[in-house]
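Everything below concerns the one structure shown next.
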Amino acid sequence: MLIFGAALAYPLDAQEGWAQSGFQTAIGSAMDVLDHESLAFPQSLPEFQRLFPDDVACAAYLERCRWDGGFICPYCQTSGEPFRFENRPGVLRCRKCRRNTGLMVGTVMERSHTPLSTWFWAAYLVASQTPGISAVQFQRQLGLKRYETAFGILHKLRAGMVRPDQDRIGGQPANHVEVDETWIGGKTRGEGRGVHHKTLVAAAVEVRHREPGSAQDKRRDGRYAGRVRLAVATDRSAESLCGFVQSAVMPGALIVSDDWSGYRSLRKLGYDHHAIAECGDPEVAEEFLPMIHLVFANLKTWLNGIHHGVSAKHLQAYLNEFTFRFNRRFYPFNAFRSLLGIAGGAAAPTYDALYSGEWKHPHI
Ligand SMILES: [Zn+2]
C-alpha cells in the first residue's frame with residue numbers, strides 16, 4: 001500500500017507516543033507570542049510555585065485572564081482599581097457602585113470552599129503530567145485532609161474535558177485515520193477461555209506527517225498521531241463500529257482498519273476505506289495500524305497503572321480524560337486554562353485552528 005511509504009520498521013515504544021518532540025518546540029515558540037506576558041504558563045514545578053505561590057497570586061491571574069487592561073465593573077462599567085479583601089482574594093468590589101464581582105463565577109471553581117491555589121495545582125497536574133493524577137495521589141501530594149475533596153476536584157475538572165461542540169477528526173487530504181477496537185479491563189480467571197467482564201472500546205486516530213526535512217523526519221517515516229477519539233462500544237457489530245466511525249470521523253476521510261466484517265460497510269457510508277488483511281497477526285497490525293496500537297497501549301498502561309483498573313460504568317469518563325490530554329499534549333497551557341474554565345474569551349487558538357491553518361499568528 002503506497003500510503004504507508006517504505007520505512008515501517010520502527011519501535012512501538014509505549015512511552016514514545018507521549019514524548020515531546022521537535023514539533024513541540026516549533027509550536028511552543030508560536031504559543032509564546034500568543035500568551036501575553038502576564039499569563040505565563042509554568043514549565044516546571046518550581047516555576048509553578050514561583051508563579052502561583054498563594055491564593056492572592058492565583059486570583060491575580062484570574063483577574064488578568066478576564067481584564068487584560070485592568071478591572072472593569074460588570075455592573076456599572078466603571079474601570080479602575082477595585083477594593084480588595086485580604087481574606088477573600090477571589091472577590092473584587094467596585095469603588096463606584098460597591099458591588100462585588102467573584103473571580104470564580106462561571107468557572108469550575110464557583111461556589112467551592114477549596115482554596116484557589118489547590119485548584120490551580122490540580123489543573124496544572126492534570127494538564128501537564130502526561131499520565132494525569134489519581135485522587136489518592138492528589139490528596140497525598142497536596143496534603144488534603146479528605147479523599148472526597150480530591151475526588152471532587154478531579155471530577156469537576158473532568159467535567160470540562162469534553163467540548164460540547166466536539167467536531168469529527170480526519171478530513172485533511174494528506175492524512176488518514178486508523179480505526180480499531182480493543183477489550184479493556186475485566187477479570188477472566190476461573191471462568192474459562194474467552195472474554196469476560198471486559199468492555200469494548202472503539203478508537204480512531206489521525207495519522208499526520210511532519211514537514212519533509214524537519215528534525216524528526218526519519219523517525220517513523222515522519223508520521224505521528226494527531227487527534228484521537230475513543231468511545232465505549234456495545235459490541236463488534238457493523239452497526240456499533242460503523243456508528244462510532246460516523247460520529248467520530250469526517251465523511252470522505254481515508255480510513256485504514258483491519259478486515260473485520262464490522263467495518264465492511266464504511267465505503268457505502270462514504271468513507272475511503274482500506275482494510276488490511278490478516279490483522280489478527282500482531283506484526284501485520286503493528287505495521288499497518290501503528291498509531292492506534294500506540295494509543296491502546298498508552299491507554300491500558302494509564303488505566304491499570306494510575307487508576308488500577310476502572311469499572312465499565314465510569315470507563316467513558318476516563319476515555320474522555322485520556323482524549324483531552326492526548327489531543328492537547330503539545331498545548332498544556334490551553335489544557336490548563338480550559339480545565340479551570342477560564343479559557344473563554346481569551347484570544348488563543350484551538351488545537352484545530354492551529355492545525356487547519358485557520359489561526360493566524362499575530363506576528364507572522
Ligand atoms: Zn460598579
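Nothing in this text is a laboratory measurement; each read-out follows from the coordinates by a stated rule. Since we're looking at a predicted model, the values are computed, not measured. Note that each Cβ is placed from the backbone with ideal geometry, even for glycine, and that neighbours are counted across all protein chains shown.
Worth pointing out:
- The gain in end-to-end length when the Ser265 to Thr78 segment is fully stretched comes to 61.2 nm, 0.36 nm per residue minus the alpha carbon separation.
- For region 40-130, the C-alpha radius of gyration sits at 1.15 times the compact-globule guess of 2.2 N^0.38 Å, with N the residue count.
- Positive-end ranking of Thr114, Met161, Val91 along the dipole of region 81-161, with charges on Cβ about the Cα centre, is headed by Val91.
- Close amide H contacts of Arg227 (hydrogens built in the peptide plane, cut-off under 5 Å, sequence separation of 5 or more or a different chain): Glu206.
- Full extension of the chain between Glu148 and Glu239 gives 28.8 nm of extra length, using 0.36 nm per residue less the Cα-Cα distance.
- Residues whose amide H comes within less than 5 Å of that of His274, counting only those at least five positions distant or on another chain, are Ile255, Val256, Ser257 (H built at 1.01 Å from N in the peptide plane).
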